[in-house]
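The values are calculated or read from the model by the stated rules, or taken from the named source; none is laboratory data. Only a predicted model underlies this, so the values are computations on that prediction, with no experimental measurement involved. All Cβ positions, glycine included, derive from the backbone under ideal geometry; neighbour counts span all protein chains shown.
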Amino acid sequence: MSNLSQSPKTLEISAGLISKNKNALKTFDIVACYRKFLKENENISMPVAAIEALIELIKHSKAATISEFMESLKDASQELKASTKNSISLSAGTDLFLRFVTRTSHDVTNLGACKEQLINSGKVLVEKSAAVRHKVAELGVQFIKDDAVILIHAYSRVVMLLLQLAARKNKRFKVYVTESRPTSLGVRSAKILRKAGIPATVILDTAVGYVIDKVDAVFVGAEGVVENGGLINAIGSYQLAIVAKAASKPFYAVIESYKFVRLFPLNQYDLPTHTPDLLTFPDLDSYSGQPNQRDEDFKELGSGITRSSSPLDEESQRRHYIEEGGYPDLDKQDNIKDAQNFEEINPTVDYTPPEYITLLCTDLGVLTPSGVSDELIKLYL
Amino acid sequence: MEHIHANEIIMTIGKSKTVEAFLTAAAKKLKFSVVVAETSPTYGGHEMALKLSKAGIDTTVITDSAIFAVMSRVNKVILGIHAVLANGGLIAVSGTQMVAAAAKHHSTPVVVCTGLYKLSPLYPYDEDWFNDLVAPDPVLSFDEGDLVDKVTLLNPYYDYVTPEHVDLFITNTGGHPPSYLYRLINENYDPEDTVI
């Protein structure tokens, strides 16, 4: 994996030499290592894989001073963050690990001993991470009442574990899963639940309002928890939280503590995942070549009736529209074809403010959103 | 003292020694009036009103059904409770939820007087697990005859009030908002104690 062309000799404090050494270290491909870890273990989460990749980097590091070592780690985590579009939980993991490295490097001044300690504690961290999910699930199970109807969103490993654990504890409950377009991960969740013997039905994302009165509680996982106790999760979670609040249903978040992020978004557009190309309007001048083409389309849209060849057809269609009280049967295939165009400019994650969240179940205990900032400080201190 | 002003109308429910002490201490310095909901079927409100009036406070007793109607005249609600849960929710005598909901509707501040020993590290997993169903006799006694066979009588002793209804907790350590409770719990309880 690491094919260093030369090993650094005695270091001089000149920028040139340091940068040359940086390049030598860079030949360790952190992104490939990270992706390998993700592929190897399906159950591992992004931040844990990132931490494992950083540990590999430490093992292969040829840095001779602590500051060079720190620099290489920081550069590597920047590379990791840049490699994926949705980097929130990944940055949570890397930031936490870097903080831990900084703390250790202050305590242990010898580089070799420092590296040893980091590799060992890194291993412990990774081992504990699997147990962390179980701890979270155990805490969350208590919130499922017997005969409850639960609503979950998309696919979250922690929520799956929680529901499977509850089923094993012989709690009877049913689950509605939102399909969660465009990934449609909800369908995967429903399959897993049904295999575990839990009755699960997939509902349209748009049907959340319709279904909420039948539901007793909403459970979601998260990509990250921000400093004010808000959540960052798959797109659609914010809507779900608003609907749950309007219907007075409890909204529980289940999340591991290593996903606590040092972010404080004030709105959706403060998230690092919000790029300028999201939710843009098309450039109308390039929409169609001729102006009369646009007029034709406009007329067509206005009448709500598909263009037809003969006036007789138009008449029957108009009658259909009036009598049936609905839109004429537009070709679904056409709609799906157009879908590819807008999926790309749509966001993949959203931010749920803390006032919509009832409680957060974490491995640090059950927390109210206001208690998160305190725990975050303790983690980073 | 900073929480009660002269000529205010305070509402309370049930009989709580903490609230009684709070109000009688304030009465030594200020003049205000108190409306007490009688709190059926235990009628603790009657005893409370007696004690308050003995301390020289202008007291009025109202039926529980009049709580909403009278709330528009009330400046402040002061409650005594059985326990405070970790999320800021309250376990209090049956009828408290009515007072809290009416107060929220009228945007009347709700103040809870409690000693810190009543703070519990548990969360409300279920809205029924803490409740006690006591004897239904005070609700509908056997004297009513045949009617008793035809109805199912429930007499829950406690009410659960959500944290959104409470504005301030006054404890022996001072005043705290409901969002601060997690801090009090962390300081007073060890996580080992709360997870069995």
(Q) Can you pull out every residue in the range A:359-381 that is of a type in the set (S, T, N, Q), facing chain B (nearest Cβ under 8 Å) and assigned to a strand (DSSP E or B)? (A) none
Q. In this structure, does residue A:108 turn out to be closer than 23 Å to residue A:36 by Cα, free of Cβ contacts under 8 Å to residues at least 12 places away in the same chain and not acidic (Asp, Glu)?
A. no
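Table: residues versus (1) modelled with pLDDT under 75; (2) farther than 30 Å from residue A:347 by Cβ.
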{"position": "A:3", "(1), (2)": "yes, yes"}
{"position": "A:25", "(1), (2)": "yes, yes"}
{"position": "A:40", "(1), (2)": "no, no"}
{"position": "A:47", "(1), (2)": "no, no"}
{"position": "A:61", "(1), (2)": "no, yes"}
{"position": "A:99", "(1), (2)": "no, no"}
Q | Residues that are closer than 16 Å to residue A:237 by Cβ and among the hydroxyl-bearing types (Ser, Thr, Tyr), drawn from the range A:177-209 | A | A:178, A:180, A:183, A:184, A:189, A:206
Q. Counting only residues that are among the hydrophobic types (A, V, I, L, M, F, W, C) and within 14 Å of chain A (Cβ to nearest Cβ), which one in the range B:162-196 is farthest from residue B:120 (Cα to Cα)?
A. B:166
Q) residue A:242 is checked against (1) in contact with a strand residue (DSSP E or B) (Cβ under 7 Å, 6 or more places away or on another chain); (2) not in a loop (DSSP other than H, G, I, E, B) and fails just one. What number does that condition carry? A) (1)
Q.
Against the conditions (1) touching a residue at least 60 places away in the same chain (Cβ under 8 Å); (2) over 18 Å from residue B:72 (Cβ atoms); (3) surrounded by fewer than 17 Cβ atoms within 10 Å (Cβ to Cβ), where does residue B:16 fall short? Just the number, please.
A. (3)
